[in-house]
Amino acid sequence: MVRPVRAIIIAALVLLVAFASAWSSLALWYRLPLPEVGRHASAILFGLFGAWVIVALLGRRRFRAVLAFAAAFVLVLVWWSTIEPPANGAWAPDVARQVTGEFDGELLTLTNVRDFQWRSTTDFTERWTTRSYDLNKLKSVDMFMSYWSGPNIAHVIMSFGFDDGRYLAWSIEVRRLSGGSFSPLADLFKSSPLVILAADERDVIGLRSNFRGEDVQIYRLRASPGAARLLLREYVSDANTLAATPAFYNSLTTNCTTTIVKMMRVAGDAVPTDWRLIVNGYLPEYAYDRGALDTSVPLSQLRSAAHIAARAQDDGVSPNFSRAIRVGVPSPQGAL
């Protein structure tokens, strides 16, 4: 009995050391405050140290090896805990400002609503506006899925519709530095802050459908006006909190998909654990199964009508953009 138990313990330690070593090496690779050569050398050395510990676990020096690795890993964790997201930086223009909002009863006033005029992905006119919305006129919530890397992964944007024909879209994004790019792996390691954007649909949706060439789909949610107002208030609260206390974007835990929990609250439903909350390209199926979409029609019909590319291109990001991209899209009762 002793040998099998020992083998299980050693196997578990090997897995733990391998995981901790890989994580620490990547953390050093991306975030150690040294020139690139120093960061990469430190990461490689820690990886080699982890490999030596794994080999030592199979010999007689396993106890000393584990103690040495534990001490080194604790030091990495202590250093990691000191890394704080920057409040200021040379941000890319489209993520340069964080929206904030104030309520006066049911009247919401938002500062720094993005309304860029895009002519290409690199040619645009910047415009940040202050806008007011009467929550008593809030009628609908829509979910946009923007597929940028095949059918499995998408960027999720929620948009609120008012009875005056205006739509207000919310997008949770990486706050990139000017000239920087999005890296799902790097952003697991405190590489970029988080930013919450409120924007005109012609801007944040039109950019993706008309200029980036992403497969943008729209799904109209089953939501009461009261639930929609509650959801919008949550977005404003999160935005104000982020403006006061910056946070890091994380590709797994703090990203656009975390809004799905709030989306399901709109439907008055719980949010059970599901693989589609991670592989978020399948969120429409998840939402349909949970009754958050119009289940009076087949999901295949919703999917077919959801693609906005042709309608968006025909419209050309005009003032009628929001209405044009919704033509033919099945809507739950009460949606605009």
Note to self: C-alpha centroids of segment 1-47 and segment 54-72 sit apart, in Å, by 12 Å
Distant-in-sequence amide H partners of A92 (H built 1.01 Å from N, under 5 Å): R176, L177, S178
Structure-based [θ]222 nm, the chain - -39500 (n - 2.57) summed over DSSP H runs of at least 4, per residue, nearest 500: -12500 deg cm²/dmol
Simple SL model, points at 7 angstrom along Cα→Cβ for L67 and V37; separation in nm is 3.7 nm
What accessible area, in Å² to the nearest ten, does a 1.4 Å probe give for F63? 140 Å²
Suppose every Lys and Arg Cβ carries +1 and every Asp and Glu Cβ carries -1, with no other charges. What dipole size does segment 3-82 come out with about its Cα centre, to the nearest 20 debye? 440 debye
Using a 1.4 angstrom probe on the protein heavy atoms only, could you order D164, D200 from most to least accessible area? D164, D200
Over the C-alpha atoms of segment 3-82, what are the Rg and the largest Cα-to-Cα span, Dmax, in Å? 13.6, 47
Using the Cβ atoms and a cut-off under 15 Å, what net charge is assigned to the surroundings of S192, where Lys and Arg are +1 and Asp and Glu are -1? 0
From phi via Karplus (6.51, -1.76, 1.60), per-residue ³J(HN,Hα) for segment 133-143 in Hz, x at Gly/Pro: 9, 8, 5, 5, 9, 6, 10, 8, 9, 10, 10
Using +1 at the C-beta of Lys and Arg and -1 at the C-beta of Asp and Glu, which of S191, N136, S322 has the Cα lying farthest in the positive direction of the dipole of the chain? S191
Debye log10 I(q)/I(0) at q = 0.11 Å⁻¹ for the chain, Cα point scatterers: -0.79
If you roll a 1.4 Å probe over the chain with all protein chains in place, what percent of the accessible area is carbon or sulfur? 59 percent
Going by alpha carbons, how many degrees (0 to 90, nearest 10) lie between the helix axis of 62-81 and the longest principal axis of the chain? 30 degrees
Summed side-chain charge close to I83 - residues other than I83 whose Cβ falls under 14 Å, Lys, Arg +1, Asp, Glu -1: +1
Per residue of segment 293-309, in order, report the coupling 6.51 cos²θ - 1.76 cosθ + 1.60 (Karplus, θ = phi - 60°) as ³J(HN,Hα) in whole Hz, putting x for Gly and Pro. 10, 6, 8, 6, 10, x, 4, 4, 6, 4, 4, 4, 7, 6, 5, 9, 3
Debye, to nearest 20: dipole size of the chain, +1 on Lys, Arg Cβ, -1 on Asp, Glu Cβ: 1420 debye
Kindly express, to the nearest 10 degrees and within the range 0 to 90, the angle between helix 36-56's C-alpha long axis and the longest C-alpha principal axis of the chain. 50 degrees
Subtract the Cα-Cα distance of D314 and S237 from 0.36 nm times their separation in residues, and report this length gain in nm to one decimal. 24.1 nm
From highest to lowest solvent-accessible area (probe 1.4 Å; ligands, DNA and RNA excluded), T122, T129, T82 read T122, T82, T129
Starting from the residue with the highest accessible area, list K137, K190 in decreasing order, probe 1.4 Å. K137, K190
For a quick check: with amide H placed at 1.01 Å from N, whose amide H comes under 5 Å from F248's, ignoring anything fewer than 5 positions away on the same chain? L194
If you plug each phi of segment 181-188 into the Karplus form 6.51 cos²θ - 1.76 cosθ + 1.60 with θ = phi - 60°, what whole-Hz ³J(HN,Hα) values come out, in order, with x for Gly and Pro? 9, 7, 10, x, 6, 4, 7, 7
Summing Lys, Arg as +1 and Asp, Glu as -1, what charge do residues with Cβ under 14 Å from the Cβ of R303 carry, R303 excluded? -3
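The values are calculated or read from the model by the stated rules, or taken from the named source; none is laboratory data. Being a predicted model, the structure only gives us computed values, none of them experimental. Using ideal geometry, Cβ is built from the backbone for each residue, glycine included, and neighbour counts are taken over all protein chains shown. These area figures cover heavy atoms from the full protein model, side chains too; ligands, DNA and RNA do not enter into them. Shrake-Rupley method; radii C 1.70, N 1.55, O 1.52, S 1.80 Å.
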